[in-house]
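Okay, structure first, notes after.
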Amino acid sequence: MSPRTPIVLALLVAAVVAGAGGLPGASDDPDDRVAAGRTGEAVVTRVVDGDTAILSSLGRSRFIGVDTPEVFGRLDCFGARASAFTKRVLSGRRVRYEIGAEPRDRYGRVLVYLRLQDGRSFNELLVAGGYARTLEIAPNVRYAARFRRLAAQARDAGRGLWARGACAT
């Protein structure tokens, strides 16, 4: 046996495994849990800010169709209140999620629609309460028209961001 035989065998095995699609149970996506349209349940283990949370089965997740004011870097008007609302409603709670048509954003966050256990859409609650503006990024626009209507109603009613004096310094 040549001294190169173990190396050649190892390379041959690696080539066969790669050609066969990898090891049994392996996937091209290192995280099989993140597939467009997939639904499931998770616990909100930590709220990052008004529109981002850590979900037990998905990790860092961004809520689709909504944009709350910033709390990191520069503090935007109403950012702390939007974040506090999300913490109050979601922290430690079990939620249902649906992953968007585009499952991840450019930062690697999983893009989700969230539902509370009573069936209410958390994404809608943020917009309807004036805690968030709408954010439409195709192809994740399934509820965009509804979010626009809710935002207009919040603005017309002077809720949250649109309340008189809400952003006075």
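Remarks
- Extreme residue, most open to solvent (accessible area, probe 1.4 Å), among residues of the range 137-153 that are of a type outside the set (G, A, S), over 19 Å from A82 (Cα atoms) and touching a residue at least 12 places away in the same chain (Cβ under 8 Å): R142
- Test set (1) at pLDDT 95 or above; (2) surrounded by fewer than 14 Cβ atoms within 10 Å (Cβ to Cβ) - G165 fails condition number: (1)
- Qualifying residue in the range 112-124 (condition: farther than 24 Å from T39 by Cβ and either modelled with pLDDT under 95 or among the polar types (S, T, N, Q) (or both)): no
- Checking the range 111-128 against the condition returns a match, with at least one residue being in contact (Cβ under 8 Å) with a residue 12 or more places away in the chain and exposed (fewer than 14 other Cβ atoms within 10 Å of the Cβ).
- Restricting the range 55-70 to residues that are surrounded by 19 or more Cβ atoms within 10 Å (Cβ to Cβ) and farther than 14 Å from Y113 by Cα leaves a set whose member that is modelled with the highest pLDDT is T68.
- Every condition in (1) under 12 Å from L125 (Cα atoms); (2) more than 17 Å from the chain's Cα centre (by Cα); (3) not basic (K, R) holds for F63 except the one numbered (2).
- For the range 36-54, taking the residues that are of a type in the set (D, E, K, R) and buried (at least 16 other Cβ atoms within 10 Å of the Cβ), the one that is nearest to the chain's Cα centre (by Cα) is identified as D51.
The values are calculated or read from the model by the stated rules, or taken from the named source; none is laboratory data. All values reported here derive from a predicted model rather than from experimental measurement. Neighbour counts run over all protein chains shown; Cβ positions are idealised from the backbone, glycine included. Keep in mind that these areas ignore ligands, DNA and RNA; they rest on the heavy atoms of the full protein, side chains included. Shrake-Rupley method; radii C 1.70, N 1.55, O 1.52, S 1.80 Å.
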